[in-house]
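Read the structure below first, then the notes.
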Amino acid sequence: MKSTPVTVLSNKRIAPHCFRMVLSGISEEFDVEPGRFIMLRVGDRYDPLLRRPFAAYVTETVRGKALEIFYAVVGYGTGIMSGMTPDTRLEVLGPLGNGFTIPDPSRRFLIVAGGMGIVPLRGLTHRLIDTNCHNIHVFAGAKTKSHLLFEEELKTREISFHPATDDGSTGYHGFVTDRLDRFLAKDLPKKGNGTVCFACGPSAMLEAVAGIADRYGIPCQVSLESRMACGIGVCLGCAVKLRNHRTPGPDNEYYGRVCVEGPVFESKDLVWPI
Amino acid sequence: MADLTTKIGKLTLKNPVLAASGTFGYGLEYSHYLDLNELGGIVVKGLSLHPRNGNPPPRIMETTGGMLNSIGLQNIGVEAFITEKLPDLRRYDVAVIANIFGNTIEEYAQVARRLSAVEGIAGIEVNISCPNIKAGGIMFGRDPGQAEMLTARVRKATLLPLLVKLTPDAPDISEVARRVQDAGADAISLVNTFVGMAIDVETATPFLSTITGGLSGPAIKPLALRLVWEVARKVTIPVVGMGGIASARDALEFIIAGAHAVQVGTANFINPSICIDIINGIRDYLHAKDIQNLNHVVGSLRIKGNEAASD
């Protein structure tokens with residue numbers, strides 16, 4: 001696999017905290033399974049030095065297949081990205097990592113997103129619909145109504161959409177995890193029940209989701225975010241503590257790599273808090 | 001075509017570009033991105049007698065033109081390397097150099113002895129320069145006496161070509177290099193990372209869990225180059241230069257300064273096939289300058305007037 005040269009097709013703010021960038025130049029074979037990611041080189045010099053990891057989504061444009069990424073301006077690299085104009089040349093490495101494992105379509109799917117965490121889950125949700133899953137609940141937490149991403153897109157026939165905002169400007173007034181907990185308390189008196197959960201968001205939120213899922217006996221996959229230098233498993237910078245279930249006792253914890261063993265993990269394999 | 005081979009003790013490398021330890025995994029990870037057979041060599045991730053978990057996250061932080069890391073020498077241990085990685089590595093025609101470290105001098109010797117007993121290891125690089133572990137590592141590299149003692153002990157444990165990787169954070173790196181040479185090393189690798197730190201001003205906390213970490217990348221290149229130039233003049237064994245190399249021209253600077261070979265580290269993270277670009281770039285340079293042999297470039301620095309002039 002080589003680094004792929006790509007060109008910025010468009011780069012626009014779509015919410016107070018979020019930009020959408022579309023990159024053309026990928027081959028027709030290029031595909032990103034939901035939950036996998038790409039490493040984007042921001043420029044061709046050494047500043048910024050490292051590539052940035054992004055959840056990627058393959059979309060159709062008038063110029064053929066393109067990569068769609070969404071980002072918040074959180075630092076130096078994303079700050080530079082926010083000022084990029086169409087035709088800027090960048091480089092993409094990927095797709096990388098392990099994505100979501102999708103069980104059989106008859107299950108009920110609980111998708112729990114916090115803030116920008118909705119981005120990889122939106123790709124997952126589209127894949128679920130494409131593979132004939134039709135019992136899908138999306139719990140989307142955001143700061144305000146205007147920070148809630150993909151609201152229109154995710155209000156489809158197959159999806160029950162449950163927003164939650166910090167200020168109550170739409171949906172449930174409070175944490176998305178509380179919304180999820182209430183939903184399950186009312187709805188799932190007995191354990192198991194064929195329900196599966198997928199979550200992405202801030203680590204405190206993921207810990208809460210993992211706790212709720214565990215309480216109801218629901219298998220839960222979480223997608224993690226981490227600083228990473230390489231994205232291909234060699235720098236060991238994106239370490240996360242995992243539990244080896246085969247080795248009981250205190251020595252069963254070890255560091256795995258978000259970029260190779262993840263970024264999607266079974267929540268029971270992670271040592272919380274992360 | 002120009003001759004790119006270079007010698008490190010009795011070890012002949014097909015070209016002077018090695019992938020640096022800690023940036024190239026166990027080599028196999030990069031087989032999707034480049035032809036490992038084309039490399040001058042691979043220095044694998046530091047190996048210890050027993051597996052190590054490494055430091056808690058956060059472990060890395062980008063800085064201007066560089067990155068800080070505090071991985072803490074996480075590795076699978078020498079036995080797992082021999083049984084799980086080496087059989088696959090042996091299928092390639094590339095010099096595999098095992099980077100080793102220990103908590104004690106005796107542990108270093110044990111790891112070296114174990115690796116000497118197996119097929120497929122071309123050399124050993126002794127890491128006395130890691131800034132991110134509590135015992136061992138840099139503690140041996142800052143003190144010329146300790147460095148000498150450790151090198152002599154490892155020398156007794158193996159007949160393989162021995163490289164000793166030095167820290168730039170020694171009070172007198174040339175003295176450490178000389179003593180390591182006297183103790184029987186075949187080459188000096190320098191530099192490992194510089195100790196640095198970065199602070200999140202929003203929270204007034206360090207970005208790394210260990211507060212300080214090792215700085216690498218283009219930001220350190222001028223500092224590393226100066227140390228390589230200085231040490232290469234003071235030892236008779238070959239110097240393997242590294243520190244921020246990200247292009248053929250960077251590599252050539254180190255070679256002109258006196259390095260017989262170079263290692264490419266952090267740049268592998270940004271462009272996984274960069275070692276090949278650098279090898280090709282060196283070949284193009286020799287061709288353009290009509291130089292038949294890389295060795296004619298080694299230490300070819302020209303200084304106007306007095307060749308010993310510095311300041």
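Data for the structure
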item: Of B:GLY241, A:TYR57, B:VAL43, farthest towards positive along the dipole that unit charges on Lys, Arg, Asp, Glu beta carbons give the protein assembly as shown; result: B:VAL43
item: Farthest positive-ward along the range A:98-219 dipole, Cα basis, beta-carbon charges - from A:CYS200, A:PRO105, A:GLY117; result: A:PRO105
item: Additional length obtainable on full extension of the chain from A:SER82 to A:GLU153, 0.36 nm per residue less Cα span; result: 23.2 nm
item: Chain A: most fluctuating residue of A:PHE198, A:PHE30, A:PHE139 per GNM, C-alpha cutoff 10 Å; result: A:PHE30
item: Rough spin-label spacing in nm, given labels placed 7 Å along Cα→Cβ, for B:ILE256 and B:SER31; result: 3.8 nm
item: Radius 14 Å from Cβ of A:GLU151, net charge of other residues (Lys, Arg +1; Asp, Glu -1); result: +2
item: q = 0.17, 0.18, 0.29 Å⁻¹, the range A:149-215: log10 I(q)/I(0) [Debye, one scatterer per Cα]; result: -0.71, -0.80, -1.39
item: Charged-residue dipole, Cβ positions (Lys, Arg, Asp, Glu), the range A:4-96 about Cα centre, Debye nearest 20; result: 340 debye
item: Cα principal axis extents for the range A:108-269, largest first, Å; result: 44, 38, 33
item: Rounded tilt (10° steps) of A:203-215 against the dominant C-alpha axis of chain A; result: 30 degrees
item: Point-charge dipole on Cβ atoms (K/R +1, D/E -1) for chain B, about Cα centre, debye to 20; result: 560 debye
item: Highest-fluctuation residue, B:ALA219, B:ALA122, B:ALA185 considered, GNM on chain B with Cα pairs under 10 Å; result: B:ALA219
item: For the protein assembly as shown, size of Cβ-based charge dipole, Lys and Arg +1, Asp and Glu -1, in debye; result: 320 debye
item: Rounded to 10°, Cα long-axis angle of helix A:118-130 versus longest principal axis of chain A; result: 80 degrees
item: Selected from A:THR156, A:THR78, A:THR177 as most flexible by GNM, with chain A as the system and alpha-carbon contacts under 10 Å; result: A:THR156
item: Prolate/oblate/rounded call for the range B:43-125, Cα gyration tensor, a/c under 1.5 rounded; result: prolate
item: Anchor B:LYS165: lysines whose Cα lies under 29 Å away (excluding residues fewer than 8 positions away in-chain); result: B:LYS7, B:LYS10, B:LYS14, B:LYS45, B:LYS85, B:LYS134, B:LYS156, B:LYS221, B:LYS234
item: Shape category assigned to the range A:4-96 from the gyration tensor of Cα positions, a/c cut at 1.5; result: rounded
item: Cysteines in chain A lacking a second Cys C-beta under 4.7 Å; result: A:CYS18, A:CYS133, A:CYS200, A:CYS238, A:CYS259
item: Residues with amide H under 5 Å from that of A:TYR172, placed H, sequence gap 5 or more; result: A:ALA164, A:THR165
item: In order through the range B:86-98: 3J(HN,Hα) via Karplus (6.51 cos²θ - 1.76 cosθ + 1.60), integer Hz, x for Gly, Pro; result: 4, x, 6, 5, 5, 6, 9, 8, 9, 6, 9, 10, 8
item: Pairwise label distance in nanometres, B:ILE211 with B:LEU301, each label 7 Å out on the Cα-Cβ vector; result: 3.5 nm
item: Prolate/oblate/rounded label for chain B (Cα gyration tensor, a/c 1.5); result: rounded
item: Amide proton proximity set for B:LEU208, modelled H, under 5 Å, gap of 5+; result: B:ALA198
item: C-alpha long axis of helix A:176-187 to longest principal axis of chain A, angle in °; result: 40 degrees
item: Debye intensity ratio in log₁₀ form over the Cα atoms of the protein assembly as shown, taken at each q of 0.09, 0.11, 0.12 Å⁻¹; result: -0.74, -1.02, -1.16
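The numbers here are math on the coordinates, done by the rules we state, and not lab data. The shown structure was predicted, so the numbers you read here are calculated from the model rather than taken from an experiment. Note that each Cβ is placed from the backbone with ideal geometry, even for glycine, and that neighbours are counted across all protein chains shown.
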